[in-house]
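The values are calculated or read from the model by the stated rules, or taken from the named source; none is laboratory data. Computed from a prediction, not measured in an experiment: that's the story for all the values here. Reconstructed Cβ throughout: ideal geometry from the backbone, glycine too, with neighbour counts over all protein chains shown.
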Amino acid sequence: MTANAQPGRLFAVVGPSGAGKDTLIAAARAARPDLVIVRRVITRPSELGGEDFDGVTEADFAARKARGDFALDWRAHGLRYGLPAAQIAERHKGRDVLFNGSRAALDPAAQMFPNLTVIRVTAPSSVLMDRLLARGRESREDIAARLQRPSFDLPANLHVIDVLNDGPVEQGVARFLTALQPVSA
């Protein structure tokens with residue numbers, strides 16, 4: 001960090017599948033070129049699509065972890081996820097940094113990054129159902145079972161901003177960009 005620069009803020013974006021996290025993150029990237037969007041490393045093939053990520057094998061992931069390449073890593077949904085330390089470190093240059101997180105990683109993230117802000121993207125179950133059906137990856141029954149699973153509480157010591165993404169994309173993007181604004185004193 002330069003002598004006069006304030007550290008940037010660190011945001012974790014979490015929420016259920018279908019809430020629109022990737023869409024909102026992409027819109028933030030377009031609207032805020034100053035924002036660092038962390039490109040996660042995930043143990044799944046890159047050609048599976050979805051978010052922009054670095055797909056690696058289990059062996060590659062383990063080697064990167066052993067080298068200390070990750071500021072944070074976790075397991076979820078049978079996969080391993082890592083946040084490159086170099087991208088997280090951009091906040092020391094005064095840049096705001098945003099990563100697509102997982103509720104499963106928030107406890108260790110809160111311990112490592114005490115000033116972490118969580119943006120929890122939500123939508124009603126009916127909206128989630130429609131969006132997940134439109135993806136065509138799961139049956140209606142599988143999606144219904146997913147939506148019935150209880151979600152777990154977020155760690156109490158985190159600053160959480162809820163963003164409802166239940167309507168037109170422009171409305172969700174406006175709410176998301178508002179959540180990224182500095183809090184006035």
Q: Specify which of the listed residues (Arg64, Arg75) is without any contact (Cβ under 8 Å) to a residue 40 or more places away in the chain, surrounded by 14 or more Cβ atoms within 10 Å (Cβ to Cβ) and either closer than 19 Å to Val121 by Cβ or out of contact with any Ser or Thr (no Cβ under 7 Å at 6 or more places or on another chain) (or both).
A: Arg64
Q: Just give me the residues in segment 156-175 being free of Cβ contacts under 8 Å to residues at least 12 places away in the same chain and part of a helix (DSSP H, G or I), in sequence order.
A: Glu170, Gln171, Ala174
Q.
Every residue in segment 5-47 that is closer than 30 Å to Ala59 by Cα, among the polar types (S, T, N, Q) and not in a loop (DSSP other than H, G, I, E, B), please.
A. Ser46
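What number of residues within segment 48-87 satisfy the criterion of being out of contact with any helix residue (DSSP H, G or I) (no Cβ under 8 Å at 6 or more places or on another chain) and part of a loop (DSSP other than H, G, I, E, B)?
Taking segment 48-87 and keeping what is out of contact with any helix residue (DSSP H, G or I) (no Cβ under 8 Å at 6 or more places or on another chain), we get 48-49, 52, 57-67, 77-79, 83-87.
Then drop every residue that is not part of a loop (DSSP other than H, G, I, E, B), which leaves 49, 52, 57, 77-78.
Of the residues in segment 48-87, 5 are out of contact with any helix residue (DSSP H, G or I) (no Cβ under 8 Å at 6 or more places or on another chain) and part of a loop (DSSP other than H, G, I, E, B).
Could you list, in sequence order, all residues of segment 49-73 that are touching a Gly at 6+ places or on another chain (Cβ under 8 Å) and closer than 17 Å to Ser102 by Cβ? So that I can check it myself, show each step before the final result.
Taking segment 49-73 first, the residues touching a Gly at 6+ places or on another chain (Cβ under 8 Å) are 61, 64-65, 69-70, 72-73.
Phe61, Lys65, Phe70, Leu72, Asp73 - these are the residues of segment 49-73 that are touching a Gly at 6+ places or on another chain (Cβ under 8 Å) and closer than 17 Å to Ser102 by Cβ.
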Q | Restricting segment 144-166 to residues that are modelled with pLDDT of 85 or more and hydrophobic (A, V, I, L, M, F, W, C), the residue that is surrounded by the most Cβ atoms within 10 Å (Cβ to Cβ) | A | Val163
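Among the residues of segment 106-143 satisfying the criterion of being touching a helix residue (DSSP H, G or I) at 6+ places or on another chain (Cβ under 7 Å) and exposed (fewer than 15 other Cβ atoms within 10 Å of the Cβ), which is farthest from Asp22 (Cα to Cα)?
Step one: filter segment 106-143 for residues touching a helix residue (DSSP H, G or I) at 6+ places or on another chain (Cβ under 7 Å), giving 116, 118-119, 121, 125, 128-129, 132-133, 138, 140, 143.
Going one step further and asking which of them are exposed (fewer than 15 other Cβ atoms within 10 Å of the Cβ), we end up with 125, 133, 138, 140.
Working: Ser125: 18, Leu133: 17, Glu138: 18, Arg140: 22 Å.
The selected residue is Arg140.
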Q) So which of Asp96, Asp52 ends up being modelled with pLDDT of 95 or more and either touching a Cys at 6+ places or on another chain (Cβ under 6 Å) or within 27 Å of Val169 (Cα to Cα) (or both)? A) Asp96
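Kindly check whether there is at least one residue in segment 53-72 that is touching a Phe, Trp or Tyr at 6+ places or on another chain (Cβ under 7 Å) and of a type outside the set (D, E, K, R).
Initially, segment 53-72 is screened for residues touching a Phe, Trp or Tyr at 6+ places or on another chain (Cβ under 7 Å), giving 64.
Restricting the remaining residues to those that are of a type outside the set (D, E, K, R) gives none.
Scanning segment 53-72, I find no residue that is touching a Phe, Trp or Tyr at 6+ places or on another chain (Cβ under 7 Å) and of a type outside the set (D, E, K, R), so the answer is no.
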